[in-house]
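Read-outs throughout are calculated quantities, based only on the coordinates presented, and are distinct from any laboratory measurement. Predicted, not measured: the structure shown is a model, and the values here were computed from it. Cβ placement follows ideal geometry from the backbone for every residue including glycine, while neighbour counts extend to all protein chains displayed.
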Ligand SMILES: Nc1ncnc2c1ncn2[C@@H]1O[C@H](COP(=O)(O)OP(=O)(O)O)[C@@H](O)[C@H]1O
Ligand SMILES: [Mg+2]
């Protein structure tokens, strides 16, 4: 066992607090443990404000430090300490190690740059050995199901529909061949019909590329499809974790039970549960 590879991601007692301008301090994540093996997926569910995005963003050190205070007994990616990484190591971690797809593609795409420019920049940075990054960019647009990819490559983000922008985001995230994809409510902002397509695309690409994934959602209906394991967060803490079967089959925390009692359809954006007043 000692020769076995370390987990892809290993977190022990991760704590994240935000210090505002005044005296108030928000403890967004309060002691989180997670081991993710290479190729494994975990779904993270929890209502708005439970610390899901803060946890996700902290992994590639994307939170605004020092306003965000991150502490952990262990915070490792492929056996290397994330807090100890220098800027060069962090740059390679972002993109080639951990890539993100967020809820709002418009906040992640640069509005003044053509799709081609953004993809090619990412490829130059993370795969400098590529002889023809433009051809690779085109390949990825086709790969994520964008029709007329050659002309879309020259488009600006606002010329694309929301669903197409999200496909571009997925292409941007995956073209650098990350070991871990973090999808933070990737379909919440999209039309119902498009949600299904984007979800299917993510599931298919993950399988094909053998990537690990952290899939953040507050929709229990899709947890089974995207992950083997699930972690339920509530007010900054992990209140329940296990295999999808365990957690969905025998939920113990009131929040999980309440979630299960009103499993939303794909098109419902369920931020807060009226039940229990949690
Ligand atoms: N940049 C930030 N500055 C201050 N507080 C923040 C910041 N980001 C998140 N928070 C706070 O941290 C808590 C967790 O937020 P978040 O991780 O975004 O929750 P979730 O993704 O589960 O909806 C919330 O109370 C939120 O207001
Ligand atoms: Mg969030």
Simple label model, 7 Å out from Cα along Cβ direction - residue 69 to residue 124, nm
4.1 nm
Return the percentage of antiparallel bridges among DSSP beta bridges fully within the chain, rounded to the nearest 5 %.
55 percent
Here FRET efficiency (C-beta to C-beta, residue 196 to residue 159, R₀ 30 Å, nearest 0.05) is 0.80
Pair residue 5, residue 84: separation of 7 Å Cα→Cβ label points (nm):
2.1 nm
How long is the gain from residue 114 to residue 35 if the chain were fully straight, where each residue apart is worth 0.36 nm and the alpha carbon distance is subtracted?
24.7 nm
Using 19 Å as the cut-off for backbone N distance, which residues of region 236-262 belong to the label zone defined by a point 7 Å from the Cα of residue 26 along Cα→Cβ?
236-238
Would you calculate the separation in nanometres between label points at residue 91 and residue 19, each defined as 7 Å from the Cα along the Cα-to-beta-carbon direction?
2.9 nm
Does region 1-128 come out rounded, prolate or oblate, given a ≥ b ≥ c as the square roots of the eigenvalues of its C-alpha gyration tensor, rounded meaning a/c under 1.5 and, failing that, prolate meaning a/b above b/c?
oblate
To the nearest 10 degrees, the tilt of helix 133-143 (Cα long axis) against the first principal axis of the alpha carbons of the chain is 60 degrees
In degrees rounded to 10, the 0-90 angle between helix 162-174 Cα long axis and the longest Cα principal axis of the chain is 90 degrees
Once residue 139 and residue 203 are pulled to full extension, the length gained, defined as 0.36 nm per residue separation minus their Cα-Cα distance, is 21.2 nm
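On a full-extension model of 0.36 nm per residue, what is the gain between residue 148 and residue 253, subtracting their alpha-carbon distance, rounded to one decimal in nm?
On the way: separation 105, 0.36 × 105 = 37.80 nm, distance 4.82 nm.
My answer for the length gained is 33.0 nm.
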Between region 205-240 and region 3-65, what's the alpha-carbon centroid distance in Å?
14 Å
Please state the relative contact order of region 9-277 as a whole percent: Cα pairs under 8 Å, 6+ residues apart?
26 percent
